[in-house]
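Participant: Quick one: structure below, then a few questions.
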Ligand SMILES: [Zn+2]
Ligand SMILES: [Zn+2]
């Protein structure tokens, strides 16, 4: 399993804005090159090609993005924004703080 120089003919250009694997490019570990190749095996050295990124962080990024998209979709389909009743948060906070202030004052 050695590089015979055939892979150079299939050499893939570095893509701008997206990943190599996303574009279908494959990596040969023996030839240390990215090639545009449909098969699972390197046409040059015969070694198995890499079709997925090795980096786990990159994988997680893809997964979380997908999950986010799905949650957004489900949230949007749940109910229209108009039906949500606004909660008077400011009023609740002021009353709570007012009572606690009075209590501390009485204790002293
Ligand atoms: Zn090669
Ligand atoms: Zn190869």
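Participant: Failed condition for residue 8, given (1) part of a loop (DSSP other than H, G, I, E, B); (2) more than 9 Å from ligand 2 (Cβ to nearest atom); (3) over 22 Å from residue 62 (Cα atoms), with all others met?
Facilitator: (1)
Residue-by-condition table, conditions (1) away from ligand 2 (no atom under 14 Å from the Cβ); (2) over 26 Å from residue 63 (Cβ atoms); (3) surrounded by 12 or more Cβ atoms within 10 Å (Cβ to Cβ):
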{"position": "3", "(1), (2), (3)": "no, yes, yes"}
{"position": "14", "(1), (2), (3)": "yes, no, no"}
{"position": "17", "(1), (2), (3)": "yes, no, no"}
{"position": "34", "(1), (2), (3)": "no, no, yes"}
{"position": "41", "(1), (2), (3)": "no, yes, yes"}
{"position": "49", "(1), (2), (3)": "no, no, yes"}
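Participant: Can you give me the number of residues within segment 11-42 that are in a loop (DSSP other than H, G, I, E, B) and closer than 20 Å to residue 54 by Cβ? Working first, answer last.
Facilitator: Of all residues in segment 11-42, those in a loop (DSSP other than H, G, I, E, B) come to 12-20, 24, 29-32, 37-40, 42.
So of that shortlist, the ones also closer than 20 Å to residue 54 by Cβ come out as 12, 14-15, 18-20, 24, 29-32, 37, 39-40, 42.
Of the residues in segment 11-42, 15 are in a loop (DSSP other than H, G, I, E, B) and closer than 20 Å to residue 54 by Cβ.
Participant: So which residues in segment 1-27 are near ligand 1 (Cβ under 10 Å from one of its atoms) and without any contact (Cβ under 8 Å) to a residue 24 or more places away in the chain?
Facilitator: 9
Taken together, the values in this text are just the output of simple stated rules run on the coordinates, not laboratory data. Given the structure is predicted, the values throughout are model-derived calculations rather than measurements. Methodologically, a virtual Cβ is constructed for each residue, glycine included, from the backbone with ideal geometry; neighbour enumeration extends over all protein chains shown.
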